[in-house]
Amino acid sequence: MTRALRAGNNCPQAMTPSFDWMREFNYEGNLLIFVNTHSDTKTGNLVVSGNEKNPMSIPIYELLSKYIGDHNLRAATHAISAINKKAGVGPCIRGLVICACGSTGRLDDSALLLTRFVKEDIFDFVLTFLSVSTMDPVVVPALNRFIENVYVYGLQMWDALEESFGEDRHALNQSPVFLSFAEMKTNGDKVRQRTVHTRVLAYSNLRDGRPWGLDIYRCLSAACNAPAYNIIFHPHGKQYYGKQWVQTKIKYECLECGVVQKAISCPPWIHAARSQNYGRVWYEWPLSAEHKRDIGIIC
């Protein structure tokens, strides 16, 4: 069922028949909620009304409350959580996809809020994008493949992401992908246990100022700290290929302060993705203060 995000249209009762249908089958099924809107660049909140000059935005939990309904979502997620704790049926997957410009996943507080949905067993995965601009339709095929991999073929969420966006350079070059997900494994007592991870899958593009996929990289000179779009990056020294490509060091010239930094190694917290293609990386998200210092961000 589709509901338009606009003023006066927040009527959760309209969603009740869909959730009643799930209840008739004891919630033994999958749940996918897809949100397509803009986001507030300062907070990561999602726009629900207004116009370009005066948008009204609210946090994702408030949006779900107003448009899905607390009672609907609570009943479904709690029932599916109980199903997933026992081996036999399922696991049934509860997913939330937010197709919005990147502040919803980029900003630390907003990213932590999305992760809470998974940690508190409301959703099994939350996916969004970290692009600084409006989402391009080029991501749609990869997003469709991710959904298919998870809901049709039963792949683990991270494997599904690497086999969709990780194999689509055009989509990943358009935007890094944020995924908070629960890895489910069955223990010796046949009880499923959840381990939550939050990662970003990105494409390393030195020409576009994104070393290791990080457009938030800054000049390492504390007196300068220029952003990545004012820095020219190049590979430096021996270049590696295949699974060892992240061992290639880089150098840069800052256009603001003129400093040239050479032989910069890939930070150890950046990992090469399990892909047959060059340039895919992943890292835990949001970055810690120590990790931010490694790429020139002064906390």
- Note on the structure: Expected output for the range 211-223 (first residue in contact (Cβ under 8 Å) with a residue 12 or more places away in the chain and in a loop (DSSP other than H, G, I, E, B), partner crowded, with 19+ Cβ neighbours inside 10 Å and of a type outside the set (A, V, I, L, M, F, W, C), Cβ below 7 Å, 6+ apart or cross-chain) is Tyr217/Pro211; Tyr217/Gly296; Cys219/Gly296; Leu220/Gly296
- Residue count for the range 248-279, restricted to those that are among the basic types (Lys, Arg), surrounded by 16 or more Cβ atoms within 10 Å (Cβ to Cβ) and at pLDDT below 95: 0
- Answer yes if at least one residue in the range 148-163 is within 24 Å of Val47 (Cα to Cα) and out of contact with any strand residue (DSSP E or B) (no Cβ under 6 Å at 6 or more places or on another chain), and no otherwise. no
- Task: Can you run down the residue pairs with Cβ atoms below 7 Å, 6 or more apart or on separate chains, where the first is in the range 256-284 and in contact (Cβ under 8 Å) with a residue 24 or more places away in the chain and more than 17 Å from Ala202 (Cβ to Cβ) and the partner is polar (S, T, N, Q) and not in a strand (DSSP E or B)?
- Result: Glu256/Asn230; Cys257/Ser221; Val259/Ser221
- Query: Among (1) surrounded by fewer than 15 Cβ atoms within 10 Å (Cβ to Cβ); (2) over 18 Å from Ala263 (Cα atoms), which single condition is His197 missing?
  - Reply: (1)
- Within the range 248-285, the residues that are within 25 Å of Ala182 (Cα to Cα) and in contact with a strand residue (DSSP E or B) (Cβ under 8 Å, 6 or more places away or on another chain) are Trp269, Ile270, His271, Ala272, Ala273, Arg280, Val281, Trp282, Tyr283, Glu284, Trp285
- Query: modelled with pLDDT of 95 or more, over 26 Å from Leu179 (Cα atoms) and either outside the structural domain of Ala171 (by TED's automatic domain parsing) or of a type outside the set (Ser, Thr, Tyr) (or both), is that true of Leu220?
  - Reply: yes
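The values are calculated or read from the model by the stated rules, or taken from the named source; none is laboratory data. Computed from a prediction, not measured in an experiment: that's the story for all the values here. Methodologically, a virtual Cβ is constructed for each residue, glycine included, from the backbone with ideal geometry; neighbour enumeration extends over all protein chains shown.
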